[in-house]
Amino acid sequence: MLFLNDEVWERISELTGGAMDPCYQCGTCTATCPWGFVSGKPLNVRKLLRSAQLGVDGEPSDLWLCSTCKYCEERCPRQVEIVRAILGLRTAAFEDRKAPDRLVNTLWSVFEDGNPWGGASRDRGKWAEGLEVPSALNGVKVLLYVGCTASYDPRIQNVARSLVKILRSADIDFGILGSQEKCCGDVVRSVGEQGFLEELVEKNVETFNATGAETVVTVSPHCLEIFSDVYSGYGAEFRATHYTEFLADLLDRGTLRLSNGGGASVTYHDPCYLGRYLDVYDPPRRLLEAIPGVNLVEMKNSKNNAICCGGGGGGMWIEVEAEKRLADLRTEEARETQATVIATACPFCIINFEDSLKKSRVSDVSVRDVAELVERAL
Ligand code: SF4
Ligand code: SF4
């Protein structure tokens, strides 16, 4: 028997902003969610939304499995803001102490060290040792916001170093925050901890504004998305942009020149938070096409149809019990193109794709960030 409780209903309605109200339960979201193709058991999005409409607990595992990729939203005939509803349900679950332990520990890491990877805050700028990048706190036009993954993950640090070289070659007045940089809050939001998120955003806005930077350039689309969606409401005095947009603009103005070719066949994967969330599809492709000798080939699902790597919505910190992962599905699609390089523009995608290729023992395809390919072409 199902007991409905007005108080719970009102709370869920408030936390989700009523995002699920227009849902008429057609089930298109459940049928199209890519989790169904990898786990053998579809993620029952329709049921989650029904639970939200009724104000009752949904299927907890489905709630945390969603990578917030918005693939389902693109197909919903009622334009339901499915991810907004899911995040509201997560906030309720978090408040009720029902969030997975691993995600809660990740939040503690952000709280104590300013990043979800457990690195010491004093080590945040170590990736830049020897590069002599100026501190943005001395005043700069452009703040390069590196983000947690590019600061601590040895593989992704290479992307940050590539960007430093590219910005230098284009004579940009830029700086970094080094040990003063903190997590953007993306993972905090995906777990649903609103109070801590607000605290983090306020601190970051204060630090960013203190640099006097007009533009904040991000390495990760996840940082850009939260800067664009949330920070603007907290007095941000800067414009945020993804590095692919910033560099494509430099290319158009002739400030960035690419002359060394690699002659590779490259396929580009659209990160969900750059594509479906922010509508940035062309700048990374313009950069790749400007590299002499690069032959850009598209996967069968690209742009707004691109399948997620599985890293969003806290997915980097959630153990998944599935035969396959979303990244496996995507790397298989990439391999169908015969490209020898999978290019992308998000730290999570790179980590997940490299992991997937390694597990499948594929050694004739490499994964590169667009910034790494651009740097090689300088
Ligand atoms: S596709 Fe849209 S309308 Fe249909 S069940 Fe899903 S959320 Fe509801
Ligand atoms: S946002 Fe992505 S992972 Fe989440 S339910 Fe929709 S399609 Fe599935």
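The values are calculated or read from the model by the stated rules, or taken from the named source; none is laboratory data. Because the structure is predicted, anything quoted here is derived from the model rather than measured. Neighbour counts run over all protein chains shown; Cβ positions are idealised from the backbone, glycine included.
Annotations
- Test: residue 124 is within 24 Å of residue 222 (Cα to Cα), crowded, with 16+ Cβ neighbours inside 10 Å, among the charged types (D, E, K, R) and away from ligand 2 (no atom under 15 Å from the Cβ): yes
- Residue, nearest to residue 183 (Cα to Cα), within the stretch 84-117, restricted to residues that are without any contact (Cβ under 8 Å) to a residue 24 or more places away in the chain and touching a Ser or Thr at 6+ places or on another chain (Cβ under 9 Å): 113
- Residues in the stretch 28-70 that are of a type in the set (Gly, Ala, Ser) and exposed (fewer than 15 other Cβ atoms within 10 Å of the Cβ): 31, 40, 61.
- Residue check, residue 190 at pLDDT below 95 and of a type in the set (S, T, N, Q): yes
- Residues within the stretch 13-68 that are under 16 Å from residue 325 (Cα atoms), away from ligand 2 (no atom under 11 Å from the Cβ) and not polar (S, T, N, Q), tallied: 2
- Qualifying residue in the stretch 110-117 (condition: aromatic (Phe, Trp, Tyr), modelled with pLDDT of 95 or more and touching an Asp or Glu at 6+ places or on another chain (Cβ under 8 Å)): yes
- Residue 349 satisfies every condition listed in (1) closer than 24 Å to residue 229 by Cα; (2) over 16 Å from the mean Cα position of the chain (by Cα) except (2).
- Hey, residue 156 farther than 30 Å from residue 89 by Cβ, touching a strand residue (DSSP E or B) at 6+ places or on another chain (Cβ under 7 Å) and surrounded by 22 or more Cβ atoms within 10 Å (Cβ to Cβ) or not: no
- Residues satisfying the stated conditions in the stretch 211-235, i.e. surrounded by fewer than 21 Cβ atoms within 10 Å (Cβ to Cβ) and among the β-branched types (Val, Ile, Thr): 215, 230
- Of all the residues in the stretch 61-100, those that are more than 14 Å from ligand 1 (Cβ to nearest atom) and within 16 Å of residue 42 (Cβ to Cβ) number 6.
- Among (1) on the phi > 0 side of the Ramachandran plot; (2) modelled with pLDDT under 95, the one test that residue 79 misses: (2)
- Among the numbered conditions (1) part of a loop (DSSP other than H, G, I, E, B); (2) small (Gly, Ala, Ser); (3) under 20 Å from the mean Cα position of the chain (by Cα), the only one that residue 160 does not meet is (1).
- Residues in the stretch 71-86 that are over 12 Å from residue 29 (Cα atoms) and either of a type outside the set (A, V, I, L, M) or surrounded by fewer than 22 Cβ atoms within 10 Å (Cβ to Cβ) (or both): 84 alone.
- Candidate set from the stretch 247-299 (those that are closer than 17 Å to residue 372 by Cβ and among the basic types (Lys, Arg)); member that is farthest from ligand 2 (Cβ to nearest atom): 286
- Spans of strands (runs of 3 or more DSSP E) in the stretch 180-268 with at least 1 residues within 18 Å of the chain's Cα centre (by Cα), assigned by TED's automatic domain parsing to the domain that holds residue 151 and in contact (Cβ under 8 Å) with a residue 12 or more places away in the chain: 215-218, 239-242
- Of the residues examined, residue 275 is not one that is surrounded by 13 or more Cβ atoms within 10 Å (Cβ to Cβ), modelled with pLDDT under 95, in contact with a Lys or Arg (Cβ under 7 Å, 6 or more places away or on another chain) and at negative phi.
- Condition check for residue 52: among the aliphatic types (A, V, I, L, M) and either at pLDDT below 90 or under 22 Å from the mean Cα position of the chain (by Cα) (or both): yes
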